[in-house]
Amino acid sequence: MDALSKARQYAHLLLRVKPRSERDIAERLAAKGFDDGIITSVVRQLAAEGAVDDRALARMWVEKRLLGNPRSSSLIKQELVDQGIGEDVADQVLKAEPVDDRAQARRVIDETKKRLTGMSGEKMKKRLFDALLRRGFSEELAEGLLSEL
């Protein structure tokens, strides 16, 4: 089997595990020692087949975050970039599917409050504030929402 076929086979194996970005596939192929020309060829072919689609991957990630574990739009964007999605694609997807940071932060507060029953007011607010910051929300938004409690 030639190097191109081996690279293609390895890329398909990676994609069976989970969806991946073009950059992720390229980095993993490079780590296996494939030449740049082969990597470029495989990534282009996968993109042409629709097997690798950074925009679709970004949309899926945003939807997953909005339904599951709430995060701020800035943290979601950083997660996308960390996964190999270009900043321009991340910005376009977040513009097309905007994240309501205020609503997401309220979800964090509601979910966290359920676990903090019996805790005093100031201690609870500190825990809620920290939970919001860990999920990428600004101090300003966190303070504003917590002042409403």
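Bear in mind these aren't lab numbers, they're just calculated from the coordinates by the rules spelled out. Predicted model only: the values in this text are computed from it and were never measured. FYI the Cβ positions are ideal-geometry reconstructions off the backbone, even for glycines, and counts take in every protein chain you see.
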Worksheet entry | Segment GLN45-TYR10, length gained on full extension (0.36 nm per residue, minus Cα span) | 11.3 nm
Practice prompt. Can you work out the PRE-style zone for ARG134? Point 7 Å along Cα to Cβ, and I want the residues of segment 77-105 with backbone N under 17 Å.
Written response: 105
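Please order VAL93, VAL99 by the number of other Cβ within 10 Å, starting at the fewest. Don't jump to the answer; show the numbers that get you there.
Details: VAL93 24, VAL99 19.
The fewest-first ordering by Cβ neighbours comes to VAL99, VAL93.
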Practice prompt. Report the convex hull volume per residue for segment 3-49, counting only C-alpha atoms, in Å³.
Written response: 63
Discussion item. Let me see the P(r) profile for segment 54-96: every Cα-Cα distance counted, bins of 5 Å, each bin given as a percent of all pairs.
Written reply: 5, 29, 41, 21, 4
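Once the piece of chain linking ARG55 and GLU111 is laid out straight, how much longer is it, given 0.36 nm per residue of separation minus the C-alpha distance between them?
Between ARG55 and GLU111, full extension yields 17.2 nm more.
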Fill in: Centroid-to-centroid separation of segment 130-149 and segment 54-124 [C-alpha atoms, Å]
13
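Once the cut-off is 22 Å, how many percent of the Cα-Cα pairs in the chain end up in the long-distance tail? Working shown, then result.
Numbers: 5728 of 11026 pairs.
Here the long-distance tail beyond 22 Å is 52 percent of all Cα pairs in the chain.
Is there a pair in LYS18/LYS126; LYS77/LYS125; LYS18/LYS114; LYS77/LYS113; LYS32/LYS77 whose C-alpha atoms are over 31 Å apart, and which pairs would that be?
LYS18/LYS126; LYS18/LYS114
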Worksheet entry | Within a Gaussian network of the chain (alpha carbon springs, distance under 10 Å), most fluctuating of ARG20, ARG59, ARG106 | ARG106
